[in-house]
Amino acid sequence: MLDRLKELGSEARAALQSAADVVELESVRVKYLGRKSELTQVSRGLKDLDPDERRSVGMAVNELKKELGVLLEQSKERLESAGEASAGLDLTLPGRMPWVGGKHPLTRTYERLESIFRGLGFEVALGPHVEDGFHNFDALNIPPDHPARDGWDTFYIDDEALLRTHTSPVQIRVMESRKPPIRIIAPGRVYRNETPDASHGSEFYQLEGLYVDRDVRFGELKGVLIRFMRELYGESVNLRFRAGFFPFTEPSTEVDVECLICQGTGCSVCSGTGWVELLGAGMVDPRVFEAVGYDPGEFTGYAFGLGVDRICMMMTGTDDIRLFLENDLRFLRQI
Ligand code: FA5
């Protein structure tokens, strides 16, 4: 009996090792370890053997069952992983890096602007995107029949409500709620019903600045803007202050930066001029002070409004403003 068990063991080991797949392995298991297998029959017949033989054969049967059980598991693991590999899972391939998100270039630009202006003593104020005619126009010295209203192509929601066309209404809201001295920046999205092109969006970001106190002068405005531009673009940046017109500032100026996309040689972003307009500014008009209840004889101030998208274009070398709102990851990843 013991000799037969040895033979059976050798046969079973060979069969387990040579099984070509899990299906064949299962039939090997049934043949050597199943309920009708020879080994099970021997186990069942143990009770008919004399005590000495029963003990030695019993031990041999148990050891063989245990060994074959272990071999069976090992063969199963080997065949399963080979099956997965042939089904397309290659464990030796390098892993895929998870995508890491990042801040949008406009957000990063705004954060840079905010940090420069905070360093110059300005605090942040916010206002609503849906405005009324008083704050967006009237209080800024733009009455309903004023031709300057045409300069801001407005999206009206109804007779009274509109999408703000600039961040200047935040100036009014801040002055209505506080007394000078005031030194704020007001960032946010603005909306204009105009046809987009490489340097014009129909929705874009502005950053407003307002400083009101006694005896504020134009020279301070110029100094702050030059300091800001140099912090942003470096000491050697070329700027141009042009005379401008805004109903809410007098005198007014518009500030251009030499186009950093073409280095001033002319391209689609600067419309071939070599210069890009970045902001409008000026001394707050006395009529604006009157609209918010300040005494223009006592207070003076300056205000400015920057185009954040245009600044971002110059900082990142982007030659089309529309790319910022398309959210094409192939573009955003390059910045
Ligand atoms: C204004 O909106 C004034 N509120 C700015 C101001 C504030 C003047 C305070 C004086 C005192 P303007 O329309 O020029 O002005 O816009 C200001 C800046 O926003 C521009 O210099 C430009 O950088 C940017 N900008 C204007 N229109 C667009 C547009 N369609 N797309 C992208 N940026 C624009």
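Worth pointing out:
- Residue list for region 199-222, filter: in contact (Cβ under 8 Å) with a residue 12 or more places away in the chain, within 10 Å of the ligand (Cβ to nearest atom) and more than 13 Å from residue 281 (Cβ to Cβ): 199, 200, 201, 203, 204, 205
- Test: residue in region 288-295 that is of a type in the set (Gly, Ala, Ser) and in contact with a Cys (Cβ under 7 Å, 6 or more places away or on another chain): no
- Some residue of region 290-304 being within 8 Å of the ligand (Cβ to nearest atom), assigned by TED's automatic domain parsing to the domain that holds residue 111 and either out of contact with any Phe, Trp or Tyr (no Cβ under 8 Å at 6 or more places or on another chain) or at pLDDT below 95 (or both): yes
Yes/no per residue for (1) touching a strand residue (DSSP E or B) at 6+ places or on another chain (Cβ under 8 Å); (2) in a strand (DSSP E or B); (3) in contact (Cβ under 8 Å) with a residue 40 or more places away in the chain; (4) assigned by TED's automatic domain parsing to the domain that holds residue 186:
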| residue | (1), (2), (3), (4) |
| --- | --- |
| 226 | yes, no, no, yes |
| 232 | no, no, yes, yes |
| 235 | no, no, no, yes |
| 242 | yes, yes, no, yes |
| 262 | no, no, no, yes |
| 265 | no, no, no, yes |
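The values are calculated or read from the model by the stated rules, or taken from the named source; none is laboratory data. Note that the structure is a prediction, hence the values are computed from the model and not measured. No Cβ is skipped: glycine too gets one built from the backbone with ideal geometry, and neighbour counts run over all protein chains shown.
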